[in-house]
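Presented below is the structure to which this report refers.
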Amino acid sequence: MQMPALPFMPSVKRESSLDKIDVPSTPVLTRRLVGPVELTVVLPTFNERGNVEPLIARLEEVLAGIEWEAIFVDDDSQDGTAEHVRAVGRRKPYIRCLQRLGRRGLSTACIEGVLASSSPFIAVMDADLQHDETQLPKMVGLLQRGEAELVVGSRYIEGGSADSFDKGRAGVSVLATEVAKRVLGVKIADPMSGFFMIRRAAAEEIAPALSSQGFKLLLDMVATSRGTLRVAELPYVFRERQHGESKLDARVVLDLLALIVAKLSNDAVSFRFLMFCFVGLTGVFIHMAALAVALDLGALTFGPAQTLATVIAIAWNFVLNNALTYRDQRLSGWAFVTGLLRFQVICAVGAISNVGVANWLYGYDPEEWWIAGLGGALMGAVWNYVVSAAFVWRTR
Ligand code: GDD
Ligand code: MN
């Protein structure tokens, strides 16, 4: 039997970066580590190859007086970002690469970068030169003097700005920020910032309670700490992107919603499951529409028409779940086809368990037929969700 290709297996065999990039035989160090690392700069990357070296050059300049290191957390970029970082790292040991296979996600990338370091101060910063690295020494100063445990680079206080955003994005960003602040009771001006520095002790304490989904790491940290963190904000100007393009799109609004639901319910409700149920509800309408069409236009008898409608509704659910519920681990190509087949089988079994449970509940009390019906539907939904999470979309 041939094993299906696992999503984390790279489909193309890549050459070693040693073959491609000229590595000098005597290491050239622009900076020599003399003491323990004081600051780790965590830099999430997804296709940022062109930004790697300009960024390192800037960090070397502004951090000249500090013992620092950089950890690039790369989600297996196809443009060779990771290979490039490693090639630089062979010359400069303070540049490291943490490459993740088969994973996507800004928050988890940052958290893992933070936890891969051991220095007392950790900065998280975009790797595309949009964040102002000249703020880093000031941030270190604030933490060193104990004036704060978390310093946030803010676009929304006096002196900061996000003018490089287009109108639409600026509007969404301001609105989302307002909603999140109100609902989660977060006090800082720019909780959506991807630019901040934190004391390691605080980061380690918060890390286990973070929701990890999505991209709003800072908001999550501040909400999770429930006002116990001493926060300082420093203004900065969000710059225009020079190379490559933004990886965040309109779907980040869903991420934000997910985070809010998770935080409000103390992580009891998984947004994924809610999303999965919501998709399932839309599937009911598709099912009824397909059934009507099959009976009317297709002139099928009820049995085959109902079967066809079921297959169509399951396929619909699969496509939506793949696009929304599991947008961070979307299946494509061959994996999409095998995923769809598995999903069909799983949901067929789910339907059987639904009917089984409903019948059993109905046996207890036929009066309360709706409890039996609802119980069966919930059983089917939970089965479909749990089993497809394990066998269709690999979740962590
Ligand atoms: N490892 C990893 N995995 N890195 C990622 C991923 C991912 O899935 N998605 C994005 N990145 C990296 C990018 O390569 C970049 O270095 C950084 O994260 C920010 O991503 P962008 O795609 O450039 O985001 P943006 O500029 O549109 O959004 C910025 O503004 C938002 C506020 O409106 C970022 O600073 C966000 O963090 C911020 O919330
Ligand atoms: Mn950016």
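The values are calculated or read from the model by the stated rules, or taken from the named source; none is laboratory data. Everything numeric in this text was worked out from a predicted model, so none of it was measured. A quick note on method: Cβ atoms are made from the backbone with ideal geometry, for glycine too, and the neighbour counts reach across all protein chains shown. Just so you know, the surface numbers come from the protein's heavy atoms only, side chains and all, with ligands and any DNA or RNA stripped out. Shrake-Rupley method; radii C 1.70, N 1.55, O 1.52, S 1.80 Å.
State whether one or more residues within region 274-285 are touching a Ser or Thr at 6+ places or on another chain (Cβ under 7 Å), away from ligand 2 (no atom under 16 Å from the Cβ) and not hydrophobic (A, V, I, L, M, F, W, C). No: region 274-285 contains no residue that is touching a Ser or Thr at 6+ places or on another chain (Cβ under 7 Å), away from ligand 2 (no atom under 16 Å from the Cβ) and not hydrophobic (A, V, I, L, M, F, W, C). For region 50-67, the set of residues classified as crowded, with 20+ Cβ neighbours inside 10 Å and in contact (Cβ under 8 Å) with a residue 40 or more places away in the chain consists of ASN51, VAL52, LEU55, LEU59, LEU63, listed by residue number. Considering region 232-242, the residues that are open to solvent by less than 30 Å² (accessible area, probe 1.4 Å) and in a loop (DSSP other than H, G, I, E, B) include one that is farthest from ligand 2 (Cβ to nearest atom), namely TYR236. Of all residues in region 124-150, those being more than 13 Å from ligand 1 (Cβ to nearest atom) and touching a strand residue (DSSP E or B) at 6+ places or on another chain (Cβ under 8 Å) number 12. For region 177-189, which residues satisfy the criterion of being assigned to a helix (DSSP H, G or I) and either open to solvent by 20 Å² or more (accessible area, probe 1.4 Å) or of a type in the set (Phe, Trp, Tyr) (or both)? Correct list: GLU178, VAL179, LYS181, ARG182, VAL183, LEU184. If you go through region 190-231 and pick out every residue that is outside any helix (DSSP H, G or I), away from ligand 1 (no atom under 13 Å from the Cβ) and in contact (Cβ under 8 Å) with a residue 12 or more places away in the chain, you end up with 9. Summed over region 221-231, the residues that are open to solvent by less than 60 Å² (accessible area, probe 1.4 Å) and among the polar types (S, T, N, Q) give a count of 2.
So for region 71-89 (the condition being more than 16 Å from ligand 2 (Cβ to nearest atom), of a type outside the set (D, E, K, R), open to solvent by less than 10 Å² (accessible area, probe 1.4 Å) and within 19 Å of LEU218 (Cα to Cα)), does at least one residue qualify? The answer is yes, given that some residue of region 71-89 is more than 16 Å from ligand 2 (Cβ to nearest atom), of a type outside the set (D, E, K, R), open to solvent by less than 10 Å² (accessible area, probe 1.4 Å) and within 19 Å of LEU218 (Cα to Cα). Per the listing LEU142, LEU106, LEU129, LEU101, the residue uniquely closer than 30 Å to SER332 by Cα, surrounded by fewer than 23 Cβ atoms within 10 Å (Cβ to Cβ) and touching a residue at least 60 places away in the same chain (Cβ under 8 Å) is LEU101. A count restricted to region 39-64 and to residues that are more than 13 Å from ligand 2 (Cβ to nearest atom) and under 28 Å from ALA201 (Cα atoms) stands at 12.
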